[in-house]
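Right, one structure below, let's go through it.
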Amino acid sequence: MIQIVPAPKKTTFFQREYAYKGETVRTSLDILLGEEEYILEVTAEDGITIIGGSEKAVFYGECTLEQILRQTNNRVRAMKIEDEPEFSYRAFMIDCSRHFFSVDELKAIIDTMARLKFNKFHWHLTDDQGFRMQIDALPKLHREGSVRLGSHFGNTKLNSRYEGYYSKEDMREIVAFCAARFVDVVPELDLPGHATAMIHAYPEMSCRGRKVPVETRQGIFKNILCAGSEKTYDYLYKIIDEMCEIFPGEYFHIGGDEVPKEQWMHCSACKSLMQENNLETYEQLQALMMNRVAAYLESKGKKTICWNDALKGENLAHNFIVQRWLDRKNDTLNWANSGRKVIMGDFFHSYFDYPYAMTPLKKTYSFSPYLKGMDVRGRESVIGLECCVWTEYISFNAAIEYMLFPRAAAIAQTAWGYGREDYTYFVKALESFRPVFKQNRINCAPKKDWNPLPLKRLAGTLKFLNMIRPRK
Ligand code: ACM
Ligand code: ZN
């Protein structure tokens with residue numbers, strides 16, 4: 001038996017075998033195949049061939065072949081693999097605001113993810129605790145918005161200056177590195193909340209216009225962008241213009257999560273905008289603001305994504321792609337069932353900032369890309385899946401890698417082919433993926449940590465909850 005992660009759609013074995021001696025594998029394109037579809041054939045007479053619907057599909061065939069060769073010691077059983085993914089959007093998100101990860105570290109993670117056939121890197125670049133992009137038109141964003149005077153996350157109380165941002169050259173390097181592995185970068189400019197670092201640099205983007213420090217703590221903060229001021233839009237468009245020059249992909253994320261509305265309630269500009277548009281709630285004001293930014297992005301050829309929180313006002317533009325993460329009211333279900341696009345994720349299954357004690361590998365593996373109550377239209381509206389790692393409590397490379405791997409592989413499996421193989425197959429397939437971890441020096445969590453027993457789960461959960469509890 002051969003085990004591949006993610007498991008191929010169809011494998012047929014034949015009688016004989018082929019002794020592979022390291023020769024170049026013959027590859028070709030066939031326009032009749034889908035963009036991510038490939039056929040890998042091994043025959044005793046002709047050796048190995050890969051036919052793909054595009055260069056990207058051929059790359060996926062090569063990734064599969066690498067795993068086969070490792071398992072067969074180069075004596076490959078004659079076979080035919082016909083493979084294509086179930087979902088076109090297969091993403092991982094890294095929060096580089098709370099902690100800054102170097103270009104080299106991102107490359108190690110991206111290369112590993114690409115070999116798991118992920119095709120989108122959602123780059124969370126802005127948040128309350130740091131703005132991490134060079135923006136020439138508004139240079140205080142990266143010069144001042146990228147610096148905080150401490151890191152007070154849970155039990156950790158460091159009073160040292162913490163800083164870092166990606167230069168244009170860094171971002172271009174990441175985009176090119178991703179492109180070489182058929183991964184698109186989906187940059188996120190989180191708005192109107194999680195914007196303290198932006199407001200620190202340019203207080204005029206907020207309702208009160210007052211300078212605030214870049215946040216040093218975890219949490220949800222009241223300083224949000226003013227929805228009623230033209231200046232806010234003017235600045236946002238300047239940032240977006242520069243981001244679009246760097247990031248050529250078709251998708252752009254504008255956040256929209258966790259937005260406390262108190263400052264809008266006391267702002268005359270926000271209140272007049274509500275009146276002009278006959279809005280009744282501040283949730284509607286949020287969607288109005290996001291719709292405007294999305295229209296700007298659309299004029300630049302982008303498809304806009306936001307977190308499911310933006311659905312609360314019920315007036316979000318229908319062409320938004322909604323990323324689900326935590327959705328107590330199940331707004332995402334109605335959105336999908338009315339034929340609007342959704343990216344599936346879940347706080348309890350695909351958030352890898354939580355320890356294995358809370359989110360064991362098996363639990364992640366069991367994540368369904370479909371919601372209970374999704375009808376045929378709803379299921380067709382799911383364009384893919386995403387796993388996320390937020391980094392308030394993750395400050396160094398070995399730690400982020402431990403949290404990501406191998407749990408990300410479980411999401412890769414579901415995104416490539418939901419329910420194709422069982423958990424036992426998946427764990428065996430991970431063995432043949434280990435050399436990729438090794439090659440990229442990835443600190444994959446050891447097997448004993450993947451699925452802790454109940455007592456260990458309880459102890460690990462309590463330890464984590466204690467660690468994230470802010471100390472006075
Ligand atoms: C989120 O986790 N705040 C999207
Ligand atoms: Zn305002």
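Note on residue 17 and residue 208: the extension gain reaches 61.5 nm, defined as 0.36 nm multiplied by sequence separation minus the Cα-Cα distance.
Angle between the Cα long axis of helix 230-246 and the longest principal axis of the chain, 0 to 90 degrees, nearest 10? Helix 230-246 sits roughly 20 degrees off the main axis of the chain.
Quote the charge dipole size of the chain about the Cα centre in Debye, to the nearest 20; the model charges only the Cβ of Lys and Arg (+1) and of Asp and Glu (-1). Intermediate results must be reported in sequence, preceding the final value.
Details: 63 positive and 61 negative charges, 374 e Å.
My answer is approximately 1800 debye.
Relative to the globular-protein estimate of 2.2 N^0.38 Å, the Cα radius of gyration of the chain stands at 1.01. Under the criterion of Cα pairs below 8 Å and six or more residues apart, the relative contact order for segment 304-449 equals 21 percent.
For q = 0.23, 0.26, 0.29 Å⁻¹, what log10 I(q)/I(0) does segment 124-177 give under the Debye formula with an equal point scatterer on each alpha carbon and no solvent? Reported log10 I(q)/I(0), two decimals: -0.87, -0.98, -1.09.
Can you give the relative contact order of the chain as a percent, counting alpha carbon pairs under 8 Å and 6+ residues apart?
Values: 1009 pairs, mean separation 79.6, N = 472.
For the chain, the relative contact order is 17 percent.
Over 27 Å between Cα atoms, which of 56/300; 168/447; 21/438; 341/463; 9/341 qualify? Walk me through the numbers on the way to the answer.
Values: 56/300 25 Å; 168/447 39 Å; 21/438 23 Å; 341/463 38 Å; 9/341 24 Å.
Where the Cα-Cα span goes over 27 Å, the pairs concerned are 168/447; 341/463.
Pulled fully out, how much extra length does the chain show between residue 167 and residue 30, if you take 0.36 nm times their separation in residues and subtract their Cα-Cα distance? Mind dumping the intermediate values first?
Details: separation 137, 0.36 × 137 = 49.32 nm, distance 3.92 nm.
So the extension gain works out to 45.4 nm.
With each label modelled as a point 7 angstrom along the Cα→C-beta vector, the residue 238-residue 319 pair spans 2.7 nm. From the residues 405, 92, 259, which one has its Cα farthest along the dipole of the chain in the positive direction, the dipole being from +1 and -1 charges on Cβ of Lys/Arg and Asp/Glu about the Cα centre? So the residue we want is 405. Using the alpha-carbon atoms, what tilt in degrees (0 to 90, nearest 10) does helix 168-179 show relative to the longest principal axis of the chain? Roughly 30 degrees between the two axes. An ellipsoid equivalent to segment 359-455, defined through the eigenvalues of its Cα gyration tensor, has semi-axes of 26, 16, 14 Å when rounded to whole angstrom and sorted largest first. By the Cβ distance rule of under 4.7 Å, the chain has these cysteines without a partner: 63, 96, 178, 244, 306, 387, 388, 444.
Going by the alpha-carbon gyration tensor, a ≥ b ≥ c the square roots of its eigenvalues, is segment 131-266 rounded (a/c under 1.5) or, if a/c is not under 1.5, prolate (a/b greater than b/c) versus oblate? Write down the numbers at each step before the final one.
Numbers: a/c = 1.79, a/b = 1.29, b/c = 1.39.
Oblate is the answer for segment 131-266, as a/c is 1.5 or above yet b/c matches or exceeds a/b.
Computed from Cα atoms, the angle from the helix 407-416 axis to the main principal axis of the chain rounds to 70 degrees.
Divide the volume of the convex hull of the Cα atoms of segment 249-314 by its number of residues and quote the answer in cubic angstrom per residue. Please report the intermediate quantities before stating the final value.
Details: hull volume 5.7 nm³, N = 66.
Taking only Cα atoms, segment 249-314 has a hull volume of 87 Å³ per residue.
P(r) tail, segment 221-276: Cα-Cα pairs separated by more than 15 Å, 60% of all pairs.
Computed on segment 314-412, the Cα convex hull volume stands at 111 Å³ per residue.
Read-outs throughout are calculated quantities, based only on the coordinates presented, and are distinct from any laboratory measurement. Source: prediction; values computed, not measured. A quick note on method: Cβ atoms are made from the backbone with ideal geometry, for glycine too, and the neighbour counts reach across all protein chains shown.
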